[in-house]
Amino acid sequence: MSYIPYSRQNITRNEVEAVGSVLKSDFLTQGPKVQEFEKALSQTVNSKYCIAVNSATAGLHLACLSLGVGHGDLVWTVPNSFVASANCALYCGASIDFVDIQIGSRNICLEAFAEKLQKAAFEGRLPKVLITVHFGGNPSELQSLKNLCDRHGVKIIEDASHALGARYKNSIIGDCTYSEITVFSFHPVKMITTGEGGAITTNDEALYGKLSSLRSHGITREASCYTTFNDEPWVYEQQSLGFNYRLSDIGCALGIEQLKRISDFVEKRNKIAEYYLDQDWSNELMGQAVDATSTSSWHIYTLYLPLSIDRKEAFVKLRSLGIGVNVHYIPIHTQPYFRELGFSVGDFKQSETYYNQAITIPLHPSMTDNEVEFVSQSVRDLCYK
Ligand SMILES: *Cc1c(COP(=O)(O)O)cnc(C)c1O
């Protein structure tokens with residue numbers, strides 16, 4: 001059996017052709033495919049607006065900027081995420097702090113959040129923004145988070161890099177029912193891919209305007225918006241300090257086709273997750289708990305091993321069998337860069353405890369039944385050796 005990665009892209013011949021036809025067209029970037037992709041994505045997640053960007057990292061940066069995050073501000077996120085969830089605040093000159101997780105859901109712990117908010121309100125040091133991460137595609141408890149945030153004037157960004165196609169109560173992740181802004185990633189290991197890429201969704205017209213401008217150098221070509229120049233045919237105005245965070249037509253052509261298969265991807269991932277959950281090893285190895293009112297997109301399948309199993313031994317053993325296990329995530333605050341900012345091991349104990357026994361086993365739509373069984377059997381052998 002060949003190497004089974006923990007996640008990977010699934011590309012059809014049709015998608016290769018869609019990209020090929022863009023290569024033969026007039027526009028490789030800033031052509032019609034970008035808007036087509038944005039419109040399709042808005043329809044899929046039921047948002048008013050969508051801005052395609054060249055990564056989720058770029059999307060998170062713009063999301064923070066558009067909400068006015070800057071020097072002197074504070075942003076909170078969870079340690080159990082990819083570093084980009086925290087770096088976006090630092091790009092804006094703001095400070096970052098973390099809220100611990102609940103190990104079962106792998107998501108932000110409501111009690112820890114409520115307690116930290118109360119303390120911050122008392123000390124006059126409330127965050128401007130909470131970036132909540134839907135770990136593995138499992139939606140955070142958005143309703144309760146929003147209730148708490150509303151009480152203290154905190155805005156919510158959803159880092160939904162794992163969660164395209166996930167559902168929470170009666171909403172679709174990305175429809176921004178409980179947040180200002182949602183950000184998706186289209187890196188090849190994620191739910192759909194554009195090569196590199198990401199997208200931002202919002203229902204707020206003013207935010208949409210800011211995000212669109214910031215994506216492309218802070219430049220406008222709308223004569224009605226000019227403040228300084230006359231409307232000459234060659235004129236454009238730079239009105240703020242933006243970036244080049246655009247996604248190309250090549251990427252969007254792939255994204256448009258991939259998006260048509262999102263419900264198939266989610267279904268296939270859910271089938272494999274259910275298979276794992278049904279196994280006799282499932283309880284002991286503590287897969288992720290998903291609330292009955294949510295549908296996870298199952299971007300990754302994580303285990304929280306009991307202390308009787310040595311995680312490193314298990315990791316090396318499974319890798320030696322060609323099973324592409326991984327670990328999600330090294331708690332962000334323990335990275336050397338964040339230690340330099342003043343964080344230490346011991347600051348967020350649940351994230352650290354989880355990390356010490358965490359292992360991600362393969363789950364992706366290209367897996368064959370044989371591969372799923374082989375992974376399951378090999379994982380089972382960890383318990384009953
Ligand atoms: C992958 C990921 C990102 C960054 O996505 P890019 O598109 O690679 O920039 C951010 N946050 C989380 C939680 C991720 O998993």
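Structure data summary
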| item | result |
| --- | --- |
| Hits in the stretch 29-73 - residues which are away from the ligand (no atom under 16 Å from the Cβ), modelled with pLDDT of 95 or more and outside any helix (DSSP H, G or I) | N46, S47, K48, Y49, L67, G68, V69, G70, H71, G72, D73 |
| Failed criterion for L90 (all others in (1) within 16 Å of the ligand (Cβ to nearest atom); (2) assigned to a loop (DSSP other than H, G, I, E, B); (3) more than 16 Å from the chain's Cα centre (by Cα) hold) | (2) |
| Condition met for Y384 (surrounded by fewer than 18 Cβ atoms within 10 Å (Cβ to Cβ) and among the aromatic types (F, W, Y)) | yes |
| Residue identified as part of a loop (DSSP other than H, G, I, E, B) and closer than 30 Å to N14 by Cα among G242, G195, G251 | G195 |
| Identity of the residue in the stretch 74-87, part of a loop (DSSP other than H, G, I, E, B) and not aliphatic (A, V, I, L, M), that ends up farthest from the ligand (Cβ to nearest atom) | P79 |
| Any hit, the stretch 99-111, residues being under 19 Å from the mean Cα position of the chain (by Cα), surrounded by fewer than 17 Cβ atoms within 10 Å (Cβ to Cβ), assigned to a helix (DSSP H, G or I) and away from the ligand (no atom under 16 Å from the Cβ) | no |
| Any hit, the stretch 279-289, residues being touching a residue at least 60 places away in the same chain (Cβ under 8 Å), in a loop (DSSP other than H, G, I, E, B) and crowded, with 21+ Cβ neighbours inside 10 Å | yes |
| Matching entry among P127, P139 (being of a type outside the set (G, A, S), more than 16 Å from C109 (Cα to Cα) and either near the ligand (Cβ under 10 Å from one of its atoms) or modelled with pLDDT of 95 or more (or both)) | P127 |
| Cross-chain or 6+ apart pairs with Cβ under 6 Å, the stretch 157-185 first and free of Cβ contacts under 8 Å to residues at least 24 places away in the same chain and farther than 12 Å from S47 by Cβ, then away from the ligand (no atom under 14 Å from the Cβ) and of a type in the set (F, W, Y) | none |
| Filtered residues of the stretch 165-188 (kept if assigned to a loop (DSSP other than H, G, I, E, B), away from the ligand (no atom under 16 Å from the Cβ) and at negative phi) | N170, D175, T177, Y178, E180 |
| Pair list, Cβ < 6 Å and 6+ apart or interchain, from the stretch 54-69 residues that are within 13 Å of I131 (Cβ to Cβ) to residues that are hydroxyl-bearing (S, T, Y) and within 13 Å of the ligand (Cβ to nearest atom) | A56/S161; A56/S185; H61/Y91 |
| Matching residues in the stretch 189-214 - criterion: being of a type in the set (G, A, S), touching a helix residue (DSSP H, G or I) at 6+ places or on another chain (Cβ under 7 Å) and at negative phi | G198, A199 |
| Search result, residues across the stretch 54-68 that are hydrophobic (A, V, I, L, M, F, W, C) and buried (at least 24 other Cβ atoms within 10 Å of the Cβ) | A56, A58, L60, L62, A63, C64 |
| Boolean, E232 is assigned to a loop (DSSP other than H, G, I, E, B), over 30 Å from L90 (Cα atoms) and more than 24 Å from the chain's Cα centre (by Cα) | yes |
| Residues of the stretch 290-301 satisfying the condition of being part of a loop (DSSP other than H, G, I, E, B) and either free of Cβ contacts under 8 Å to residues at least 40 places away in the same chain or within 16 Å of L363 (Cβ to Cβ) (or both) | V290, A292, S296, S297, W298, H299, I300 |
| Pair list, Cβ < 8 Å and 6+ apart or interchain, from the stretch 305-331 residues that are within 15 Å of R380 (Cα to Cα) and surrounded by 13 or more Cβ atoms within 10 Å (Cβ to Cβ) to residues that are basic (K, R) and modelled with pLDDT of 95 or more | L305/R311; V325/R319 |
| Condition met for Q258 (buried (at least 17 other Cβ atoms within 10 Å of the Cβ), farther than 19 Å from A56 by Cα and within 16 Å of the ligand (Cβ to nearest atom)) | no |
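The values are calculated or read from the model by the stated rules, or taken from the named source; none is laboratory data. Since this is a predicted model, take the numbers as computed values, not measurements. Every residue, glycine as well, gets a Cβ built from its backbone with ideal geometry; the counts of neighbours run over all protein chains shown.
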